[in-house]
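Take a look at the structure set out below.
The values are calculated or read from the model by the stated rules, or taken from the named source; none is laboratory data. For clarity, every value in this text was computed on a predicted model and none was experimentally measured. Every residue, glycine as well, gets a Cβ built from its backbone with ideal geometry; the counts of neighbours run over all protein chains shown. Each accessible area value is taken on the protein alone, full model and side chains, heavy atoms only, with ligands, DNA and RNA left out. Shrake-Rupley method; radii C 1.70, N 1.55, O 1.52, S 1.80 Å.
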Amino acid sequence: MNKKVLWFLGIFIVLYFSLGSMSEFYINYEWFDINKGLNIFWVLFFSKFNVGAAFTIFFILLFFLNFLLIRALGGKGRIFTNNILDRLQIPVLGSPRRALFILLALGVVTVGIIMGSAGSAFWKEFLLFRHGVSFEGFPTDPIFHKNISFYVFSLPFYKFLYGWFMSSLVLISGFSLFFHFLNGGILVQQGSFEFSLFARAHISTLLGSIVFLNGLGYRLSAYELLFEQKGKFFGAGYTAVNANLLAYNVAMIISFIAAALLLFNIFKRSFKLPLIVLAALLPAYFIIGTIYPSLQQRFVVDPNELEKEKPFIEHNIKFTRIAYGIDKIKEIEFPNKKNLTYRDIQKNRELVENIRLWDWRPLKQTYKQLQELKPYYYFNDVDVDRYIVNGKKTAFNLSARELSIDNISKAGQTWQNRQLMYTHGYGLVMSRVDRITSEGQPEMVVYDIPPKNDIGIKIDRPEIYYGEHNNSYVITKTNIKPGEFDYPSGDENKYTTYQGNGGTVLDSFFKRIMFALSFKDINILISQAITRESRILYRRNILDMVQTLTPFLEIDSDPYIVLSEGKMYWMIDAYTVSDRFPYSMTVKVARKEINYIRNSVKITVDAYNGTINYYVVDEKDPIIKTYMGMFPGFFKKISEMSPDLQSHVRYAAAMFEVQSSMLLRYHMTDPNMFYNNEDAWHIARQVYEGNEEEVRSYYLVTRLPGEKVSEFILTIPFTPYKKNNMIGFMTAKCDMPDYGQLQLYTLPKEKLSYGPLQIEARIDQDAEISKQLTLWGQKGSGVIRGNMLVIPIEESLLFIEPLYLKAETSEMPELKRVIVSFDDKIVMEKDLNTAIEKIFYSGSLTYMIEEDSRGTYAERIKDLAGKAYTHYTRAEQSMRDGNWKQYGEELKNLKDVLTMMKNIRN
């Protein structure tokens, strides 16, 4: 092939890959600049680059020092010997000596780059080591008495350094042995190795360095005793502290002696003494590190395990509770009384009106059928949040209506449609968590396109450019006619032009080249629809956005949509985690083992502009304090979040579930009980769609016992280990200023408190309910038993389970019945109010006289007014259903209540 063609191809390939790398760098730079993260961009870039470059240079220097060592040991001319030079004949590289130098240099630099790349992967450990702050307010570890910051920030970096230098020394030693073989410094004669004096001195020095480093490794291994699990608890136990630690210390001392003897061998130039010491190391460590600990465990610890291990169990309990934040839980006795009355229900009417009957799984299917409206819209998830409506805190289900570009018809899959025309989703749907229409569907309060609104919530910007979707980049403000598709309206479409500041302005030819190269899309470069005012919006998946911007944080996989002051925002939880907290039990979260976690950061993403803000909610967390020092000005205080957005902050369900799982055992603070596992718990279980599963934590608006106002909380129930009766429940407050307060309500152990699975069994045993469920099944409908909700009211517990029906030919479940259980009563009715009233209020005048003869005049009037309203709503429902007999009965009951109100005297 012509040399010019080869040169041309070579230059083209180099330019292509160079420009590709440059374009990737440029669009990342632009994206970080847009999101006010240039400080992070440069810190991460230079950290990775500097660490990689530093360790590349370190390796080359180590190799260079190896050559200096050769010269210092009298080995001048020993590497480039005739034994090697005579075998090296590469005419292209010139003389054998020059060829050897070039090959060595290329090899060393190549291996150095590889070792540097391996080092650059530890950029996070380097940054934490450099910027780590003290764990103030935390206890020091009880064995080595070091600040926790040593284990979280320093030890991981020391372990990396140890591994990197050990690997480098082994590579250099292997290279040196190879060259000594080539030049005759090491010979194999009559089945044994013969070393020249020079080779013996050189290899002794390298081996001495390796053995010395290995001795330091024993010290690092000693610290690892705090992170092992043996037996019934986590962390170093009696044997580890009194035997294994001794073994590591002895092995370290022997290693240092062996290293000194190997270095002394430079002068003596005999392997006998260091080999004797090294040979003694293995049996000595085997005896001290294996046999001695085993004997101590068997004859000292096992017969007196609780006595010997008790202080170490206490360490495990203490440090685990601190690491997961469950040491701050306030324990409260909950009597679970059986004297709940209809008057109590009326006093807690706000709670009843916020009980979440709609489980997100069937509700998502219902939303899809009723409100996706077009094939290219979809609902990714259903969230729960609270809003103030008519002066009351009210819980709602809500879901964002996003755009799925892949669901556009095949004929519409053109570049202009995908990148210029269909650019955003539109609006959201909201429904009351407790309301059901007569057709068994959710009662919508925000619905349709453009959004219709029944509760007075303002929606000024319903467009969703940034969300949970995986759509690629879009270009806005183009001259495409008639404009960007906004939303469908009858038989025609409405169009719009983006008015936000998201993305990058394509105001230069250079930018268009860079984006065309990065996205491998020449249309960005040649499309005449793109103007100097056009903006390219890219990296629009919100989880990808925050993970790219802050790769050092763990990001929650379940963001939720928030409607605030007319705009739509995504709220995302971020965590700081570590697996280096001494004596703390590990847990697997998203395929990652951790033993320390804090939900320190709340992230908001503007669904229209893509603006990202990070707010710190736990300023006491040392890890987030380290990041705040590392990136000054990037993180904001939670007080800087707008008050309206603050009102939608939730306690993270993922964090709550991790804490709940740790509390199952670590609520026991007495080491005797912990050792015997006397009071272990389980997450309560339920039946969902015919399968037994753990109850999932759930949000609700309620007034907790002893509290004066209703709050938005997260809760989960517990049962004893391998038992189904309920033992307690935990709550987390979501509203400011009490956000993050954890409370554990414990039920009396001396009496039976039904658990969710026991209520499920009683539902199955109820003849009337069982008969109805069987009948529905025979008619070809699938019965979905929703989440079993445990609702605390006053000092009692109420159990509620919604029932959904889904026809075989339909994808839309309908909420047809609500089951309510209290004490020994179970009822199933069409709606929650009817079920509750059937349990607590018979509807007869005799019952009312008994119930309402107590209390003050105002209390009795209020109760009777509530009952009057109940009969009125029942009459309305009966009229809609065409049940005129029931309608007449309710009118009579209403008349009786009104008569009683008239006759009450003050």
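Here are some notes:
- The range 540-665: mean projected area of Cα convex hull, nm²: 8.3 nm²
- Stokes-Einstein diffusion coefficient of the range 612-752, Kirkwood radius over Cα pairs, 10 °C, 1.306 mPa s, in µm²/s: 91 µm²/s
- By the combined test of axial Cα extent (at least 18 Å) and Kyte-Doolittle hydropathy (mean at least 1.0), the qualifying DSSP H helices of the chain come to 38-72, 96-120, 155-183, 245-268, 272-286.
- Over the range 320-421, volume per residue of the alpha carbon convex hull, in Å³: 246 Å³
- Candidate aspartates and glutamates for bridging to residue 749, where Cα separation is under 14 Å - those fewer than 8 sequence places away on the same chain excluded: 333, 678, 679
- Set of aspartates and glutamates with alpha-carbon distance to residue 885 below 15 Å, sequence-local pairs under 8 removed: 876
- Cleavage-rule hits, trypsin sites (Lys or Arg not before Pro), the range 699-800, DSSP coil, Cβ neighbours within 10 Å at most 10: 708, 722, 751, 779
- Across the cross-link table entries 838/867; 146/308; 347/867, which are compared at the Cα atoms, the separations over 21 Å belong to 146/308.
- Dipole of the chain computed with +1 at Lys/Arg Cβ and -1 at Asp/Glu Cβ about the Cα centre; of 387, 861, 164, farthest Cα towards the positive end is 164.
- For the range 857-903, the Cβ-based charge dipole about the Cα centre amounts to some 100 debye (Lys, Arg positive; Asp, Glu negative; other atoms uncharged).
- Ordered by solvent-accessible area of protein heavy atoms (1.4 Å probe), largest first, the residues 702, 548 come out as 548, 702.
- Listed values (i) 65, 41, 21; (ii) 44, 33, 28; (iii) 39, 36, 31, entry calculated as semi-axes √(5λ) of the Cα gyration tensor in Å: (i)
- The chain, dipole about Cα centre (Lys/Arg Cβ +1, Asp/Glu Cβ -1), debye to the nearest 20: 3140 debye
- Accessible area per residue for the chain, computed on protein heavy atoms with a 1.4 Å probe, is 46 Å².
- Applying a DSSP loop filter and a limit of 16 other Cβ atoms within 10 Å to the trypsin sites (Lys or Arg not before Pro) in the range 569-625 leaves 591, 620.
- The helix-only estimate of mean residue ellipticity at 222 nm for the chain, built from DSSP H runs of length n ≥ 4 each weighted as -39500 (n - 2.57), is -14000 deg cm²/dmol after division by the residue total.
- Taking all protein chains together and rolling a 1.4 Å probe, residue 642 ends up with roughly 40 Å² accessible.
- Loop-located GluC sites (Glu not before Pro) in the range 582-674 (DSSP state not H, G, I, E or B) with no more than 14 neighbouring Cβ atoms inside 10 Å: 619.
- Lysines with Cα under 23 Å of residue 410, excluding same-chain neighbours fewer than 8 positions away: 368, 374, 481, 494, 520
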